[in-house]
Amino acid sequence: MKKYLLPTSSFLLLLTSMAVANVQITNLQDYQFGEIDLHNINAVNHPLCIYNSDSTSNSYLVQIYSNAAGGKYVMTNGISQLPYSIKWSPVAAGGAGYQALSPNIPLHMDNASNELNCGGRDDANMEISVNPTELSGVTAGSYSTTLNIVISPV
């Protein structure tokens, strides 16, 4: 049985702003999988805070970029690629509110906080998952990636 060890993935956060409103994401953390279970979906998620300074709107776009061929999110160990998926939830606890994010395509959300740092509460959740059905041909090793996340006011 092969085991896949995924170290901490690092994230580069890019924020955009408009003259009318500013947005901010806080509580973004590295995601660690450890050893991958070859029989079950492996998912790691963390609550986040999305702040929109426009008190008349709580809308924003989230877009996560990938430069991998084929329009997929992938981690690499320098030789092999390990596909993964990303879901975004407008609820800090995640759950049934998750929506799949496609690489390079913005997703519209309506739950940003109008309080800086969300008033000490989180208001979104990002889940990264590896599906064992996509591990065919993937070699064992340490895989990592960097995500470019853009949060834009609407």
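Derivation of every value follows stated rules applied to the coordinates shown; laboratory data play no part. Here the structure is a predicted model, which means the values were calculated and not measured. Backbone-built Cβ (ideal geometry, glycine too); neighbour counts: all protein chains shown.
Values as computed for the structure displayed
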item: Length released on extending from Q32 to V91, taking residue separation times 0.36 nm less the Cα-Cα span; result: 19.1 nm
item: Extension gain (nm, one decimal) between I41 and H108, 0.36 nm per residue minus Cα-Cα; result: 21.5 nm
item: Additional length obtainable on full extension of the chain from I79 to Q99, 0.36 nm per residue less Cα span; result: 4.2 nm
item: Global form of the range 99-154, assessed from the alpha-carbon gyration tensor, a/c cut-off 1.5; result: prolate
item: Label-point gap, in nm, between E115 and T139 - each point 7 angstrom along Cα→Cβ; result: 5.1
item: For the chain: relative contact order, % (alpha-carbon pairs under 8 angstrom, 6 or more apart); result: 38
item: Correct option for Rg and Dmax of the Cα atoms in Å [calculated from the coordinates] among (i) 19.3, 64; (ii) 16.2, 54; (iii) 15.7, 46; result: (ii)
